[in-house]
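One structure below.
The values are calculated or read from the model by the stated rules, or taken from the named source; none is laboratory data. Everything quoted here is computed from the prediction, not taken from an experiment. Here Cβ is always computed from backbone atoms with ideal geometry, including for glycine, and neighbour counts include all displayed protein chains. Side chains included, ligands, DNA and RNA excluded: accessible areas come from the protein's heavy atoms. Shrake-Rupley method; radii C 1.70, N 1.55, O 1.52, S 1.80 Å.
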Amino acid sequence: MSCYELEKDSLDGARCGVELSGCAAAMEKERDSGFGFMDTSTYSSSLQGGAQGDQQGYDVEFDPPLESKYECPICLMALRAAVQTPCGHRFCRGCIEKSIRDAGQKCPVDNEILTEDQLFPDNFAKREILSLTVRCPNTGCGHKMELRQLEVHVAQCQFATVVCPLCQQAVWKNDLDDHKSNQCSRRLVDCPDCMTRFVFEDSQIHEQQCPLANVVCEYCSMELIRDQLESHCDTDCLKAPVACSFSYFGCPHKMQRNDLAQHMQEFTQMHMRNLAEFLRSRSMLGGSAGAASASGGGGGAAASCEDRAGAGLGTGPPCSCGQELQHLRETVVELEARLVRQDHQLRELSIRSETQVTQLAEVRKQARTLEDTVHELEAQQYQGVFIWRVAGFSTHLRNQEAGQPVVIHSPGFYTGRPGYKLCLRLHLQTPTAPRCSNYISLFVHTMQGEFDGQLSWPFQGTIRLAILDQTEGKHHVEVMETKPDLLAFQRPTAQRNPKGFGYVTFLHLQALQQGQFVRDDTLLVRCEATPRFDACLRREGFQPRGPEASL
């Protein structure tokens, strides 16, 4: 009789004692074979519930859910090392042994007298539980396996979390290498400028201190390396603030370095007055010091230079005041000469700059004229067949969905040489537009061209408009005939005729999603204009759609 039958039949203690030896023998046989799941150490967080002797049941997700007969009444989890009691109840070995030690020698279910010696292993239940299907507990992993295989799977699962050895952050095992290389805040990186190696989380600090990092001068916005910034601001930057050269003599002004020469020129008289006041004050201070020295020393050797000169004394040390005055006078003369030279240089630079500005404007004007000529020659080569590439169409669609008007004009093109000059106008109708919401409107406009004087007006002929399918060739085509009595086909009096002729509801925007009309974010619009009506269209059985009123 099996252990399961013992529980099911609820046999008395004597009978359980008879069958105990058979179950114990089966347990010892299974233990000797090395088979079992409870001895795992790798998956301790999910499969182990405490110390080795007090392990609770298997805390895993079963699929399908665990049956109640395999559930421990104490820990309410799947039975681990299942044992039976003489009263026919199943428990985890660790749970029931702990209950007997802590709560007394009785069964937790029916309070029958129970000792550890009376417990016997339920190998049948153990095999059944180890054969049940469970899910991998790691987030993101969808593997299912038998419970006995879970330990091996968890040890190899790429979705298992491991601790980064650098930042101690828990990451997925399969992302560890990428984390250490690209995401870890403690990874080592090299500065691209000075090649210094540092920890990534210190990047901002290093960027603020790197001597070879590119920085921008706060005054002139010039880009240079940090080591050059100080000398650049002190000597080279034309927009750096500098003090006047006469600040030592009392000038309070500060200005940009490139305005210093103009300041020196405009305030020359003030600088001279400041210099004179400075020299006068120095002379007065020198005289006062000499008088004080004479009264304090009581001798002719300490008299002032003026007194000594008046007395005709030639002895004693030479006076230094005259030397200082002479040096200051030479400095003033040198500065005045420098001012004159700088003024001449400024005048020459100003004249040269004005000349260059005039020449540059002329060159730009000629370049624009050449561009217009090239565009005009290109337009004349189309021979009435023009394919318009409307790039960035997704941006126009977003603006249309937001209710913003979207109106785009194509470049001009000629129907021949000589020929009429035309252009296209594409209008994306907003969702709130009456009667034409979410439609593409397409119109043709006449333009002033090089050959208008050689042509007959109004323009007459056939115009074929198409939005091209860029994959399967299922183009959306409409053909219309010009109407000479409309202003849209009269000779234009402005660069582009404000009146157009075409279709308000040329193509619904939903139709763009049914075909391959937009590819690489580009819409292709084709226009074929024939100045004379081609009667063969009607002979072939093609009836052109009547055009709608233009907007």
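Worth a mention:
- Residue check, Arg308 more than 30 Å from His475 (Cα to Cα), assigned to a helix (DSSP H, G or I) and at pLDDT 55 or above: no
- Some residue of region 84-103 being over 30 Å from Leu188 (Cβ atoms) and of a type in the set (Phe, Trp, Tyr): yes
- Tally of residues being within 21 Å of Asp520 (Cβ to Cβ) and among the β-branched types (Val, Ile, Thr) across region 380-426: 5
- Residues that are closer than 30 Å to Gln510 by Cβ and either modelled with pLDDT under 80 or of a type outside the set (A, V, I, L, M, F, W, C) (or both) occur at least once in region 371-392.
- Residue list for region 486-529, restricted to those being under 23 Å from Pro418 (Cα atoms) and acidic (Asp, Glu): Glu528
- Search result, residues across region 480-514 that are open to solvent by 20 Å² or more (accessible area, probe 1.4 Å) and of a type in the set (Gly, Ala, Ser): Ala494, Ala511
- For region 98-123, a residue qualifies if it is of a type outside the set (Ser, Thr, Tyr) and either closer than 23 Å to Val154 by Cβ or crowded, with 17+ Cβ neighbours inside 10 Å (or both), and the qualifying residues are Lys98, Ile100, Cys107, Pro108, Leu114, Gln118, Leu119, Phe120, Pro121, Asp122, Asn123.
- Of everything in region 432-466 that is of a type outside the set (A, V, I, L, M, F, W, C), open to solvent by less than 60 Å² (accessible area, probe 1.4 Å) and over 19 Å from Gly384 (Cβ atoms), the residue that is modelled with the highest pLDDT is Ser441.
- Residue that is most open to solvent (accessible area, probe 1.4 Å), among those in region 350-361 that are under 20 Å from Asn258 (Cβ atoms) and β-branched (Val, Ile, Thr): Ile351
- Restricting attention to region 227-244, the residues that are aliphatic (A, V, I, L, M) and within 36 Å of the chain's Cα centre (by Cα) total 3.
- Any hit, region 218-225, residues being in contact with a Pro (Cβ under 9 Å, 6 or more places away or on another chain) and either surrounded by 16 or more Cβ atoms within 10 Å (Cβ to Cβ) or under 30 Å from Ser350 (Cβ atoms) (or both): yes
- Of all residues in region 362-394, those that are part of a helix (DSSP H, G or I) and open to solvent by 60 Å² or more (accessible area, probe 1.4 Å) total 15.
- So Asp122, is it without any contact (Cβ under 8 Å) to a residue 12 or more places away in the chain and charged (D, E, K, R): no
- Test for Ala379: is it of a type in the set (A, V, I, L, M, F, W, C) and free of Cβ contacts under 8 Å to residues at least 24 places away in the same chain: no
- Test: residue in region 80-88 that is in contact with a helix residue (DSSP H, G or I) (Cβ under 7 Å, 6 or more places away or on another chain) and at pLDDT below 50: no
- For Gln470, the stated conditions hold: it is surrounded by fewer than 18 Cβ atoms within 10 Å (Cβ to Cβ), farther than 26 Å from Leu377 by Cβ and touching a strand residue (DSSP E or B) at 6+ places or on another chain (Cβ under 9 Å).
- Scanning region 172-220 for residues that are assigned to a strand (DSSP E or B) and free of Cβ contacts under 8 Å to residues at least 12 places away in the same chain, we see that the one that is nearest to Leu238 (Cα to Cα) is Val216.
- Within region 473-498, the set of residues being in contact with a Ser or Thr (Cβ under 6 Å, 6 or more places away or on another chain) and over 12 Å from Trp457 (Cα atoms) comprises Glu481, Asn497.
- Considering residues of region 124-142 that are under 19 Å from Trp172 (Cβ atoms) and surrounded by fewer than 15 Cβ atoms within 10 Å (Cβ to Cβ) only, the residue farthest from the chain's Cα centre (by Cα): Gly142
- Test for Leu188: is it in contact with a strand residue (DSSP E or B) (Cβ under 6 Å, 6 or more places away or on another chain), surrounded by 14 or more Cβ atoms within 10 Å (Cβ to Cβ) and not charged (D, E, K, R): no
- Pairing each residue of region 221-242 that is under 17 Å from Met255 (Cα atoms) with any residue that is open to solvent by 70 Å² or more (accessible area, probe 1.4 Å) and of a type in the set (Lys, Arg), provided the two are 6+ apart or on different chains, yields C-beta distances under 8 Å for Pro241/Lys254; Val242/Lys254.
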